[in-house]
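The values are calculated or read from the model by the stated rules, or taken from the named source; none is laboratory data. None of the values given here were measured: they were computed from a predicted structure. Cβ sites come from the backbone with ideal geometry, for glycine too, and all protein chains shown count toward neighbours. Calculation scope for accessible area: heavy atoms of the full protein, side chains included, ligands and nucleic acids excluded. Shrake-Rupley method; radii C 1.70, N 1.55, O 1.52, S 1.80 Å.
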Amino acid sequence: MHLPYYQVARTIALFVPVKYKYAIRKWGYKKKIAQNLNYIKNNKKKITNKLKKEIKKRKLVVAFYVYDQAKWKCQSLYDLLEKSENFIPYIFVTKNCAPKDNFNFQKPNELEKIFDFFKLQNMRVLYAYKRNNFIPFEQMEPKPDIIFYQHPWYVETSQGPVVCSKFALTCYVPYFIATSISPTEYFLRFHQYVQNHYVLNDAIKDFYCENAPNKGVNIKSVGHPALDFFYLNREKEFENKNYVIYAPHWSVDNKNVLFWGTFLWCGQFMLDYAKKHPEINWVFKPHPCLKGYLKNNNYMSTQEIEQYWKEWEKIGKLCESGNYLDMFKSSKAMITDCGSFETEYFLTKKPLIHLKSNGAMPFNPSVAKIVETYYNVQDIKELEQILDEVVLRGIDTKKEQRLNLYDELFCQNNYAAQNIVSDLLKMLL
């Protein structure tokens, strides 16, 4: 019998002394999670048994939940599923359900751009949000048998892992490469609700298993599809365009747990420096959330933001798409404070200038090793000095240290997409 514990607890809390309100709500919240986890566990057994029969008769439909093409990191997995005899992949374009006052808020008219991004690549893409309404995934045609999420935040209920567990296997490949020790990477309800949570390596898996509420029972170490680009193109020769990439993160203050962002102290300096050196092939690659965060927290007006972006377009290339790894391979250096890029760019073996924020969330142990091989700066004076040395004069004193660590961490090529597909087939065949 299903009891709405959380709603009951919230109602009771209205009529009790203040000192008891939080405890009652917390009790209801925990009961709700336990109830959902039991529901998902029972569903997984039924759905797995059903799909074991179905996969012998037809290709299983795999849906990728997408509300931001700039964070699309599963191309290698989609491509491998496309070639498979057992699966047929689709992109389900939807909207997140962040409220209007949140910097992640999406307007419905933004979906067309996302849809076109995939359509232009001749991928199977469908709208899962139409006429200002979310389409429950159970009502999609075709109805998915397996769903891959890349975002743990602002997922609408009828498209989320609890409801969808009734008819599909739910999987999670984060759009970012796990970088920090923040609980937001493993502690959310969402992380417990997905049936398969795929992570980069055993070090991250072990950390999550030790600290996650469910002790990581759904976590599997497979690599990351975002890094498959380097594995699949290891023999390819890339044109050297000598791009220098400036990629600022959105977390510019301590209102969030990461606080990696350094844009407030170096954003204008980087633009001015780029203007002084037009001989450099500049690329501006801001985090997709940076605009919204600056505006919602009153750091810059809409007009100031648009003007700043336009100034970069005048002197270089603006990159706001999800396909950027070929640009990484064609570059000569990167300047960033973005956690995922610390790992992604490392595979290019090229120098990175890491912009440090005072009070930032620490990196996990494997990423901390990588960052030691970069040029770490935390003020304008240091930044200008390192830019002159690394970017202008091409002096890379940490190159040997970086190459040695590369051999240690990535001596064995890891094809994440193949590992994920193999894991699915192991479950179903």
| the chain: angle of helix 202-211 to the longest principal axis, Cα-based, in degrees nearest 10 | 50 degrees
| note | For the chain, averaging the sequence separation of alpha carbon pairs under 8 Å that lie six or more residues apart and dividing by its residue count, the contact order in percent is 15 percent
| request: Please sort 357-364, 327-334 by packing, taking for each peptide the average over its residues of neighbouring beta carbons within 10 angstrom, highest first. | output: 327-334, 357-364
| message | Can you tell me the orientation of helix 399-409 relative to the chain, as the angle in degrees between its alpha-carbon axis and the longest Cα principal axis, to the nearest 10? | response | 20 degrees
| remark: Using a 1.4 Å probe on heavy atoms of the protein chains only, the accessible area for LEU383 in Å², nearest 10, reads 0 Å²
| said: Just to be sure I understand: with springs between alpha-carbon atoms less than 10 Å apart, which residue in LEU14, LEU81, LEU37 has the highest mean-square fluctuation in the Gaussian network model of the chain? | reply: LEU14
| said: Distance cut-off 28 Å, Cα to Cα: go down the list LYS130/LYS166; LYS241/LYS314; LYS113/LYS381; LYS41/LYS255 and report the pairs above it. | reply: LYS113/LYS381; LYS41/LYS255
| Cα centroid separation - region 94-130 against region 167-229, whole Å | 24 Å
| remark: the chain, Gaussian network, Cα under 10 Å: of LEU200, LEU258, LEU409, the residue fluctuating most is LEU409
| message | Angle check, please: helix 416-428 long axis (alpha carbons) against the longest principal axis of the chain (alpha carbons), in degrees 0 to 90, nearest 10. | response | 10 degrees
| note | Rounded to the nearest 5, the percent of DSSP beta bridges in the chain running antiparallel is 5 percent
| message | If I model a spin label as a point 7 Å beyond the Cα along the Cα-Cβ vector, how far apart are those points for GLU141 and LEU403 in nm? | response | 5.9 nm
| note | Once Lys and Arg are counted +1 and Asp and Glu -1 for all other residues with Cβ under 13 Å from that of TYR299, the total becomes +1
| request: Compute the relative contact order of region 336-401 as a whole-number percentage, counting only Cα pairs closer than 8 Å that sit 6 or more residues apart in sequence. | output: 35 percent
| remark: The answer for the chain, accessible area per residue at 1.4 Å probe in Å², is 48 Å²
| request: Run the 1.4 Å probe and let me know the accessible area of LYS32, rounded to the nearest 10 Å². | output: 60 Å²
| request: Any aspartates and glutamates with Cα under 18 Å of the LYS332 Cα? List them, leaving off those in the same chain fewer than 8 positions away. | output: GLU237, GLU239, GLU279, GLU342, GLU344, GLU384, ASP388, GLU389, ASP396, GLU400
| task | Using just the alpha carbons, could you tell me how many Å³ per residue the convex hull of the chain encloses? | result | 164 Å³
| query | Counting each DSSP H run of 4 or more residues in the chain as -39500 (n - 2.57), what helix-only mean residue ellipticity at 222 nm follows after dividing by all residues, to the nearest 500 deg cm²/dmol? | reply | -12000 deg cm²/dmol
| field | Cross-link partners of LYS53 among aspartates and glutamates (Cα-Cα below 19 Å; sequence separation of 8 or more within a chain) | value | GLU85, ASP145, ASP423
| Straight-line reach from LYS95: which aspartates and glutamates have Cα under 12 Å away, leaving out those fewer than 8 places along the same chain? | ASP68, GLU110, GLU112, GLU156
| query | Of the peptides 219-226, 240-247, how do they stack up when ordered by the mean number of other Cβ atoms within 10 Å, highest first? | reply | 219-226, 240-247
| remark: Share of accessible surface on carbon and sulfur in the chain, whole %, 1.4 Å probe and ligands ignored, is 51 percent
| field | Rotationally averaged projected area of region 337-429 (alpha carbon convex hull; nm²) | value | 7.6 nm²
| field | Filter on LYS56/LYS426; LYS205/LYS369; LYS100/LYS285 - keep pairs with C-alpha separation over 21 Å | value | LYS100/LYS285
| Summing +1 for each Lys or Arg and -1 for each Asp or Glu, what net charge is found among the other residues whose Cβ lies under 10 Å from the Cβ of CYS171? | 0
| Along each of its three principal axes, how wide is the spread of alpha-carbon positions in region 228-360, in whole angstrom units, largest first? | 47, 33, 23
| Treating the beta-carbon of each Lys and Arg as +1 and of each Asp and Glu as -1, no other charges, what is the dipole magnitude of the chain about its Cα centre, to the nearest 20 debye? | 2400 debye
| Area accessible to solvent at GLU112, 1.4 Å probe radius, in Å² | 110 Å²
